[in-house]
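Report on the structure given below.
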Amino acid sequence: MNNRLFYMDHLRTFLTILVVFHHAATTYAVPGSWYFFDTLQKPDASFVLMLLFVFINQAFFMGLFFFIAGYFVPSSFDRKGPKPFLKDRLMRLGIPLIVYIFLISPVILYTTTLHYNANASKVVSFWEFYRTQILSFAITEPGPLWFLLALLVFNAVYALVSMVRKDSAPKKSIPFPSVKVLLLTATLIGLVTFGIRQIFPIGTLIFGLNFGYFPAYIVFFIAGIMAYRNLWLTSIPRRTVKIMGIIALVFLPILPIAALILNPTLSTGGGLNTNAFIYAMWEPFVGFGISLLLLAVYRKYSNQTNGFLRSVDATSYTVYIIHSLVLIAYSIWLHSAQMPPFIEFLILGGLGTITSYLLAMLIRKIPYAKKIL
């Protein structure tokens with residue numbers, strides 16, 4: 001127990017709460033990217049603030065999730081061996097994914113359909129919807145659990161590579177990446193991402209996977225594995241964190257300034273245009289800086305725990321799985337409140353987080369649930 005990295009648990013919890021608020025913000029600022037969109041009458045300062053919040057989150061939070069997941073893969077694989085490792089991954093990742101696709105997602109999709117359809121008499125029954133759309137696989141919607149699907153693939157690839165190599169001989173330790181290496185990597189990620197988005201623009205989903213973001217996700221996952229193997233997190237260079245943090249701060253205003261100066265109608269999600277190129281290059285530089293800063297700060301100031309934090313950390317995975325359903329329920333309720341959108345966003349994020357954690361704690365009390373959750 002003394003060897004447990006409590007700060008990684010706390011960081012994962014912080015990222016989970018950020019996911020809830022991220023999806024709360026998309027409800028009011030990013031049409032088409034979430035199950036439910038509460039239409040704004042006209043964009044205002046709060047709209048821009050929420051939009052910037054979403055863009056900044058997207059630059060780092062899922063990448064950092066992949067880094068943390070990758071960090072714990074080697075120890076789990078080494079301890080369990082290939083078959084038990086893959087069996088464990090299938091249980092902990094595959095079962096929630098199946099439950100979401102065939103239970104949680106259909107309820108969300110049907111509920112939002114009822115909300116958006118003014119003539120309820122034209123909406124088929126839930127069973128008819130489920131039979132014709134879900135059981136026929138016309139709709140296979142993993143929602144936020146695309147992350148679990150990606151982790152299943154990444155873990156399977158790691159296991160396959162490890163079994164093929166069968167090389168347990170000690171290797172020369174690779175030092176923590178220098179600033180020069182990090183900047184080169186960020187540049188390459190940006191260029192590859194820009195190229196990928198010519199084929200898979202942001203929003204083009206294949207079984208929920210948005211390939212326009214995956215160059216960074218793959219690098220973060222591999223970096224997590226390397227961080228464990230080479231003990232990178234035992235001593236994160238302060239100078240590297242400081243420089244990359246400053247670079248992230250310098251890059252942060254570039255995207256909104258470019259949006260004001262350049263043609264705002266051009267898509268940032270793909271295509272051969274300046275907006276798409278700037279966004280693709282902006283993401284990794286901001287993402288690297290924020291991720292390093294969070295890792296360093298949490299490692300230094302948050303590597304202790306107590307009963308309450310242990311309970312919250314243990315529940316965060318379940319919160320990630322169920323938060324969509326909670327947010328949609330509150331979104332529909334708040335829709336009739338006619339409050340300023342930014343206030344609704346804060347209420348939605350706050351209530352969504354608290355309710356999701358309380359509900360998740362109850363779910364984890366179900367017999368055998370903790371073996372999966």
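Among all stretches of the chain without exposed trypsin sites (Lys or Arg not before Pro) (DSSP loop, at most 15 other Cβ atoms within 10 Å), which one is longest?
Details: sites that count: Arg4, Lys166, Lys171, Lys172, Lys365.
Here the longest segment lacking exposed loop sites spans 173-364.
For region 261-325, what is the accessible area per residue in Å², given a 1.4 Å probe and the full set of protein chains? Write down the numbers at each step before the final one.
On the way: 2880 Å² over 65 residues.
Accessible surface, normalised per residue, equals 44 Å².
Checking the cross-link filter: which lysines have an alpha carbon closer than 20 Å to that of Lys371, excluding same-chain neighbours under 8 positions apart?
The qualifying lysines are Lys80, Lys83, Lys87.
Given springs between every Cα pair under 10 Å in a Gaussian network model of the chain, which of Gly271, Gly212, Gly190 has the largest fluctuation?
Largest GNM mean-square fluctuation: Gly271.
How do Met244, Met163 rank by accessible surface area computed with a 1.4 Å probe, from largest to smallest? List each step's numbers first, then the result.
Working: Met244 0, Met163 70 Å².
Order by accessible area, largest first: Met163, Met244.
Under the Karplus relation 6.51 cos²θ - 1.76 cosθ + 1.60, θ = phi - 60°, what is the ordered set of whole-Hz ³J(HN,Hα) values for region 217-231, x standing for Gly and Pro?
Per-residue couplings from phi come out as 4, 5, 5, 4, 5, 5, 4, x, 4, 5, 4, 5, 5, 10, 6 Hz.
Quick check on the chain: what does the Kirkwood estimate of hydrodynamic radius come out to from the alpha carbon pairs, in Å?
22.1
Normalised by the residues of region 70-159, what does the relative contact order come to in percent, with Cα pairs under 8 Å and at least six apart? Present the calculation step by step, with values, prior to reporting the outcome.
Values: 42 pairs, mean separation 41.4, N = 90.
Taking the mean separation of contacting Cα pairs over the length of region 70-159, I get 46 percent.
Could you list which residues have their amide H under 5 Å from that of Ser267, counting only those 5 or more apart in sequence or on another chain, with H placed in the peptide plane?
Under 5 Å from the amide H of Ser267: no residue qualifies.
Which distance in Å, rounded to a whole number, links the C-alpha centroids of region 83-114 and region 175-193?
Using only Cα atoms to place each centre, the spacing works out to 34 Å.
Report relative contact order for the chain in percent, whole number only (criteria: Cα-Cα under 8 Å, sequence separation at least 6). Write down the numbers at each step before the final one.
On the way: 416 pairs, mean separation 111.6, N = 373.
So the answer I get is 30 percent.
Leaving out ligands and nucleic acids, note down the accessible area per residue over region 86-158 with a 1.4 angstrom probe, in whole Å².
Numbers: 3710 Å² over 73 residues.
Heavy-atom accessible area per residue stands at 51 Å².
So for Ser33, Ser316, Ser75, what's the accessible-area order with a 1.4 Å probe, most first?
On the way: Ser33 65, Ser316 5, Ser75 25 Å².
Putting Ser33, Ser316, Ser75 in descending order of accessible area: Ser33, Ser75, Ser316.
Counting only helical runs of four or more DSSP H residues, what would the 222 nm mean residue ellipticity of the chain come to if each run contributes -39,500 (n - 2.57) and the total is spread over all its residues?
Details: 15 runs with 252 residues, N = 373.
Rounded to the nearest 500, it is -22500 deg cm²/dmol.
How many percent of the accessible area of the chain is carbon or sulfur, using a 1.4 Å probe?
Working: 13310 of 18980 Å².
Answer for the chain is 70 percent, counting heavy atoms of protein chains only.
If you find the alpha carbon centre of region 314-368 and of region 60-77, how far apart are they in angstrom?
Between the Cα centre of region 314-368 and that of region 60-77, the gap is 25 Å.
How large is ³J(HN,Hα), in whole Hz, for each residue of region 287-295 in order, when computed from phi with the Karplus curve 6.51 cos²θ - 1.76 cosθ + 1.60 and θ = phi - 60°, using x for Gly and Pro?
Calculated HN-Hα couplings, in order: x, 4, x, 5, 4, 4, 5, 5, 4 Hz.
From the backbone phi of region 235-244, what are the Karplus-calculated ³J(HN,Hα) couplings (6.51 cos²θ - 1.76 cosθ + 1.60, θ = phi - 60°) in whole Hz, Gly and Pro given as x?
After applying 6.51 cos²θ - 1.76 cosθ + 1.60, I find 7, 7, x, 4, 4, 5, 4, 5, 5, 5 Hz.
From Cα pairs below 8 angstrom and at least 6 apart in sequence, can you work out the relative contact order of region 232-373, rounded to a whole percent? Spell out each step's value before the answer.
On the way: 91 pairs, mean separation 30.6, N = 142.
Computed over region 232-373, the figure is 22 percent.
Specify which residue in the list Ile246, Ser302, Leu233 is farthest towards the positive end of the charge dipole of the chain, using unit charges on the beta carbon of Lys, Arg (+1) and Asp, Glu (-1), about the Cα centre.
Leu233
The values are calculated or read from the model by the stated rules, or taken from the named source; none is laboratory data. No experiment lies behind these values; they were computed from the predicted model shown. When we count neighbours, we look across all protein chains shown, and the Cβ atoms used for this are built from the backbone with ideal geometry, even at glycine. Areas reflect the complete protein model, heavy atoms only, side chains present, ligands, DNA and RNA absent. Shrake-Rupley method; radii C 1.70, N 1.55, O 1.52, S 1.80 Å.
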